[in-house]
Amino acid sequence: VDSKTLKGLNGIEYSFEGVLGGVKGMQTVEKNNAGTILEVIKEATVKPVRGKNVVLTIEHGIQTAVEEVMGNEKNSGLKGSVIVMNPQNGEILAFYHSFPYDPNQFTLQENQVRKNGAVTDIYEPGSTFKAFTFASLIEHGAINNLNEVIETENGVYSPVKGVTVRDNHKFPYLSVQDVLAQSSNIG
């Protein structure tokens, strides 16, 4: 928070400035030449409105565990981000992003260096989501075992007009297990 303007410069304070900042009050007064207030004009008075609080949902134990893993000597020098979220309600339980600078001296760095990739960069889960798709298919009984065979169209499939799905490897058929191993988009 900038102590001169009391406005958030980055992060939660900046994002929620409208909630945290409140509304400044204002008074219109009539003064004499000496600067003494003679009258407060009540019709032109605006009462200040206090800003609201924002409560974070970070769980200390989970946050500490994430920081210990990410700060581990074995992992030092690696850039990384971790967000632990409660899928039931969306609460953020832990949040970690490796900073290549001292956050206490953040104004000495360029914006690009200071950005928090965990929230600013686009992440496309890509092939990692195939495991979730298969888990759902298994859970709902659409797949009964990992050796079940799926037609994979020799690596090129056009299911909808103008859309073609391709695989890097051309297989006519793959088992569920091999679809995951080969990362088959068609499978």
(message) Suppose we keep only residues that are open to solvent by less than 90 Å² (accessible area, probe 1.4 Å) and within 16 Å of the chain's Cα centre (by Cα) within the stretch 72-88. Which one would you say is modelled with the lowest pLDDT?
(response) G80
(request) Taking the options I62, I41, I37, name whichever one is surrounded by 13 or more Cβ atoms within 10 Å (Cβ to Cβ) and at pLDDT 90 or above. (result) I62
(message) Suppose we keep only residues that are of a type in the set (D, E, K, R) and either outside any helix (DSSP H, G or I) or on the phi > 0 side of the Ramachandran plot (or both) within the stretch 7-30. Which one would you say is surrounded by the most Cβ atoms within 10 Å (Cβ to Cβ)?
(response) K7
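The values are calculated or read from the model by the stated rules, or taken from the named source; none is laboratory data. This one's a predicted model, so the numbers in the text were calculated from it and none came from an experiment. When we count neighbours, we look across all protein chains shown, and the Cβ atoms used for this are built from the backbone with ideal geometry, even at glycine. Just the protein is used for accessible areas: all its heavy atoms, side chains included, with ligands, DNA and RNA removed. Shrake-Rupley method; radii C 1.70, N 1.55, O 1.52, S 1.80 Å.
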